[in-house]
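Reading through the structure tokens given below for one structure.
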Amino acid sequence: MQLHEFIALLEAKGLKPRQQPNGQWLAHCPSHDDQNPSLSLTEGEGRILVKCFAGCSVDAICAALGITTKDLRTNQDLERRITYEVRDLNGTLVAIHERVERAGRKTFIWRHPDGRKAQGDLKVADLPLYGIHKLNDAQFVVIVEGEKCAEALWSVGVPAVATYGATCDPADEPLKQVIERAQTVFLWADNDDAGRKHMARLGKRLLELGARKFCGLNGMTLPRRAMRLTQSRQALTFRRFWTTPNPLKFRPMKPRRMAQRHQHKASKANAVRFAN
Ligand SMILES: [Zn+2]
């Protein structure tokens, strides 16, 4: 709960919170018969600090407001854990990738199939790309960075596999598995420098490994939820991509043209056709 929410709660209960010149708040205490405001509140150390000068406990104050002391934390930016199961071609679980989101930051943890935390004993580069077991003779596949993006694409019916971050290029074997299963590979880079370089390296290696046909979809941000695209400036390109009857004939729009259509500054990235 944030301080302003707590203030609103006091207000709603008729406890008349008032801000003092020193920035702190004073209100009537909900937990005793309080004629003179004796509840002081301020924010510090990631929580709302409450004190009743008549001596009510924090527990009693919270209980009187219908909340718990846990609600006084202001930095509880709900930790969100998402678990991605990495499976090989046969669908056998080979690793678990945990994404932990907290306070707008994300961290990742690797685990073995039995749940043990990996301590440098898991070669991520050798892992099959995320989602490879779902590719059965797909006409095309999109390689993206991160499982979340792959899931977003699958959710709108676009076959996708994911790498495990821009700093971890897949080894040859996982890349070969992709080429063997999809005739055409689209590389969709994250719209940042590291992401573009990551996909450029992959593109080069895919060519060396004998990929016949692929192209890069650069300069577009893959949104968290692909469905939201209807409102985004990439909507046009992406919608064309996934609704085109023959994705093999899809040609990404050049950023300059996109820029003209959407009247925004073109990103430096180019939509590169590597080869055909
Ligand atoms: Zn009190």
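Looking at K134, K70, K148, can you tell me which residue is at negative phi and out of contact with any strand residue (DSSP E or B) (no Cβ under 9 Å at 6 or more places or on another chain)? If you could, list the steps in order and put the result at the bottom.
Numbers: K134 fails: out of contact with any strand residue (DSSP E or B) (no Cβ under 9 Å at 6 or more places or on another chain); K148 fails: out of contact with any strand residue (DSSP E or B) (no Cβ under 9 Å at 6 or more places or on another chain).
Just one listed residue meets the conditions, K70.
Look at (1) open to solvent by 70 Å² or more (accessible area, probe 1.4 Å); (2) of a type in the set (D, E); (3) at pLDDT 90 or above and you find that D169 fails only one, number (1). Suppose we keep only residues that are more than 16 Å from the ligand (Cβ to nearest atom) and part of a strand (DSSP E or B) within segment 14-28. Which one would you say is least open to solvent (accessible area, probe 1.4 Å)? That would be Q19.
The numbered conditions (1) within 16 Å of the ligand (Cβ to nearest atom); (2) assigned to a loop (DSSP other than H, G, I, E, B); (3) open to solvent by less than 80 Å² (accessible area, probe 1.4 Å) are all true for P113 except (1).
Rundown of residues vs (1) without any contact (Cβ under 8 Å) to a residue 24 or more places away in the chain; (2) within 15 Å of the ligand (Cβ to nearest atom); (3) touching a His at 6+ places or on another chain (Cβ under 6 Å), yes/no style:
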{"site": "H4", "(1), (2), (3)": "yes, no, no"}
{"site": "A12", "(1), (2), (3)": "yes, no, no"}
{"site": "P30", "(1), (2), (3)": "no, yes, no"}
{"site": "D33", "(1), (2), (3)": "yes, yes, no"}
{"site": "E45", "(1), (2), (3)": "yes, no, no"}
{"site": "A60", "(1), (2), (3)": "no, yes, no"}
{"site": "G66", "(1), (2), (3)": "yes, no, no"}
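None of K134, K117, K176, K204 is at pLDDT below 90 and outside the structural domain of E85 (by TED's automatic domain parsing) except K204.
Taking into account only those residues within segment 30-69 that are of a type in the set (D, E) and surrounded by fewer than 16 Cβ atoms within 10 Å (Cβ to Cβ), which is nearest to the chain's Cα centre (by Cα)?
Step one: filter segment 30-69 for residues of a type in the set (D, E), giving 33-34, 43, 45, 59.
Checking the rest, the ones that are also surrounded by fewer than 16 Cβ atoms within 10 Å (Cβ to Cβ) come to 33, 45, 59.
On the way: D33: 48, E45: 27, D59: 36 Å.
It comes out as E45.
The values are calculated or read from the model by the stated rules, or taken from the named source; none is laboratory data. This one's a predicted model, so the numbers in the text were calculated from it and none came from an experiment. As a convention, Cβ positions derive from the backbone with ideal geometry for all residues, glycine included, and neighbour counts pool all protein chains shown. To get the accessible areas, we keep the full protein, side chains included, count just its heavy atoms, and leave off ligands, DNA and RNA. Shrake-Rupley method; radii C 1.70, N 1.55, O 1.52, S 1.80 Å.
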